[in-house]
Amino acid sequence: MSYVSAPAEGRPLPVPTELSAPHWDGAREGRLMVQQCPVCEAYVFIPRRACPQCLAEPLEWVESSGKGTIYSYTIIHRPPHPAFEPPFCAAIIALEEGWHMLSNVVGTDPATIAVGQAVAVEFLDCGEVTLPVFRRVN
Ligand SMILES: [Zn+2]
């Protein structure tokens, strides 16, 4: 039982684009990067060209603390691809700055995961890309 704390051979991975590259470059450096609107200060994730709140552009890239809580989650027992080892947890993380991202909660028995638990980002080196994932903190 790995609980997705190690990259699996053949795992399908995100493909960085010109727009999302700063997010992935940051992850490779151990920094969780998110866009922020310079006008209304809204955090924007997933990466966009313009602010969805006020339409300002360009957006700025800032570093998140990587600290948050589990907003919602599901435990996957039938993986979408053979390279994923079930069971594992896909979760929406509420970052302390007030934005959300979909990720995995790693390193813990999925049966013990609950909404509201505190988590912190860590980075999973998968070769071509480094994935931000979250681990419970107490
Ligand atoms: Zn804005």
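Just so it is clear, none of the values below were taken in a lab; they were calculated from the coordinates. Since the structure is predicted, the reported quantities are computational estimates derived from the model, not experimental observations. Virtual Cβ from ideal backbone geometry, glycine too; neighbours counted across all protein chains shown.
Quick check: is even one residue across region 30-48 surrounded by 13 or more Cβ atoms within 10 Å (Cβ to Cβ), within 14 Å of the ligand (Cβ to nearest atom), free of Cβ contacts under 8 Å to residues at least 60 places away in the same chain and of a type in the set (Phe, Trp, Tyr)? The answer is yes; a qualifying residue exists. Kindly provide the set of residues from region 49-61 that are within 7 Å of the ligand (Cβ to nearest atom) and of a type in the set (Gly, Ala, Ser), ordered by number. Passing the criteria: only ALA56. Out of curiosity, is SER64 over 12 Å from the mean Cα position of the chain (by Cα), of a type in the set (Gly, Ala, Ser) and more than 16 Å from the ligand (Cβ to nearest atom)? So SER64 fails the test.
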